[in-house]
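Before any comments, here is the structure.
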């Protein structure tokens, strides 16, 4: 109910302004409203930041427990995996801040591209702290490793991180498309959380079957292992190029599935 | 009472049936965490063993975690939080039956469905993969069943009581998340308690966390040896169940009084 009320409010406010013509300007109008709305609830910021710190502490403790019994995991040592955890956290921030708030608001009748609109129209600004804290953690771990990334490595990191964001977005769109066949969208987000848990560790640490799953079928290995490798200097250039290709293919497939789902939906509604 | 329960369970079962896909999703969510933990411990154990756990021991342990976690888990704090915030509690209070009964029935229906799926999957996997086979031991399975019932009852009261905190705070589910984060280590979800640093494992044993999950799991896999360890484990479960029932009674009576006052 609240969400619907919010939506009408937002729509009214937008109509008071000059109606933006491009999707980007529409998007920025929604985000501005969103930020203004969120700033009223500053307590949420504290809660959200505490939640992030708690999650990071849990992840680090889990890792420490593993390393209590071993010195390397899949050929990576402790601080290298902490770099990876930082990347994982930053990407989780992107998901929480940008993708998740759009759940359940399938606004298909608006005259903008529905996929982009459903995906990005709301912004949970507090979860942007996840991105900052995640990158901070990765930086600290690099410091502990005594490794200063070269410019080339930083560029590779930027590119593979962008590719990672595209892959995460593609997986998200595929799951959201499933909502056209199944019932409840919120629960599909749960599935994403479950699957994405696997990206907390370098893919080389998993037994063969899981590794195959994470590289080829649900390509989450490309989202954390590869950018973290770029930062620590493990990444071979051809793997970096492969990451870009994977992002392109994943995006194309996700877009095709979304369109199919949408056509099916339009058909069903008569 | 039995007829009422039969009706409640049937109702919960039918409601769940409408959301079959959701049940599958929650099931996958419950299975991936132990599966990933198993994958990592599998790599660490290699051809040797970690604190006496070889690969096959880890496999049995985490399959038992999947099953027993599904049998004992309780989502009630999320339901109660919503009931209290949205006022859905009102019509439930007006019924001639305590709302906890509906929650218990809902739990039974959910568990019957998800746990039986996991049990079938386990049996199928065991045919192909000897590592996850358990030795035939009906006596131990019977005792495990008792421990599972005690653990499920305790987790129900923990979840229900925490949910009741919604009478006072808007962050009841956050407290439950905090508890879940602690139970990751202390209840044995990420590793057998024997692999934790001894001080941490000690805390898990003194508090209720071991009774929640790790103890029934260790019973099933045969790690609990001797009458003494068995009785101490069951005793701990009974004591903590009593404590949480008490906490529930206090939270319910005070909360209802406060709720009534606000409603005028």
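Taking each residue of A:65-71 in turn, how many C-beta atoms of other protein chains fall within 10 Å of its C-beta, and what is the average?
6
Quickly work out the residue B:122-to-residue A:31 label distance, labels modelled 7 Å from Cα along the C-beta direction, and quote it in nm with one decimal.
Distance between label points: 4.9 nm.
So how do A:70-76, B:215-221 stack up, highest first, on mean other-Cβ count within 10 Å?
Order by mean packing, descending: B:215-221, A:70-76.
Could you put B:42, A:181 in order, starting from the residue whose Cβ has the fewest other Cβ atoms within 10 Å?
A:181, B:42
Share of Cα-Cα pairs in the protein assembly as shown beyond 38 Å, in percent?
Cα-Cα pairs in the protein assembly as shown separated by more than 38 Å: 33 percent.
Starting from the Cα-Cα distance between residue A:46 and residue A:147, subtract it from 0.36 nm times their residue separation and give me the gain in nm to one decimal.
33.1 nm
In deg cm²/dmol and to the nearest 500, what is the mean residue ellipticity at 222 nm of chain B if only DSSP H runs of at least 4 residues count, each as -39500 (n - 2.57), divided by the residue total?
-26000 deg cm²/dmol
Is segment A:125-166 rounded, prolate or oblate when judged by the Cα gyration tensor, a ≥ b ≥ c being the square roots of its eigenvalues, rounded requiring a/c under 1.5 and prolate requiring a/b larger than b/c?
oblate
For a protection proxy built on the mean count of beta-carbon atoms within 10 angstrom, sort A:204-216, A:168-180 highest first, please.
Listed from highest to lowest mean packing, they are A:168-180, A:204-216.
I need B:57, A:193 ordered by Cβ neighbour count within 10 Å, fewest first.
A:193, B:57
Between helix B:172-186 and chain B, what is the angle of the helix's C-alpha long axis to the longest principal axis, kept within 0 to 90° and rounded to the nearest 10?
Approximately 20 degrees, to the nearest 10.
Using 7 Å Cα-to-Cβ label points, what is the residue B:182/residue B:243 separation (nm, one decimal)?
Simple spin-label model gives 1.0 nm for this pair.
If I model a spin label at residue A:193 and residue B:250 as a point 7 Å from the Cα along the Cα→Cβ vector, what separation in nanometres do I get?
Here the modelled spin labels are 2.9 nm apart.
Taking every pair of Cα atoms in segment B:139-264, average 1/r, invert it to obtain the Kirkwood radius, and report Rg/Rh to two decimals.
Computed over Cα atoms, the ratio is 1.05.
Averaged over A:195-204, how many beta carbons belonging to a partner chain fall within 10 Å of each residue's beta carbon?
2
With every atom except the alpha carbons ignored, what do you get for Rg and Dmax of chain B, in angstroms?
19.4, 67
Between segment B:92-121 and segment A:155-219, what's the alpha-carbon centroid distance in Å?
32 Å
What do you get for the angle between helix B:2-18 and the principal long axis of chain B? Use alpha-carbon atoms, 0 to 90 degrees, nearest ten.
Tilt of helix B:2-18: around 70 degrees.
Compute the long axis of helix B:76-86 from its Cα atoms, compare it with the longest principal axis of the Cα atoms of chain B, and write down the angle in degrees, 0 to 90, nearest 10.
20 degrees
Any chance you could get the radius of gyration and Dmax over the Cα atoms of segment B:75-147, in Å?
In Å, with Rg to one decimal and Dmax whole: 18.7, 54.
List B:111, B:258 from most exposed to least, where exposure is judged by having the fewest other Cβ atoms within 10 Å.
B:258, B:111
Laboratory data are not the source of any read-out in this text; all were calculated from the coordinates shown. Values in this document were obtained by computation on a predicted structure and should not be read as measured data. Glycine also receives a Cβ, built like all others from the backbone with ideal geometry; neighbour counts cover every protein chain displayed.
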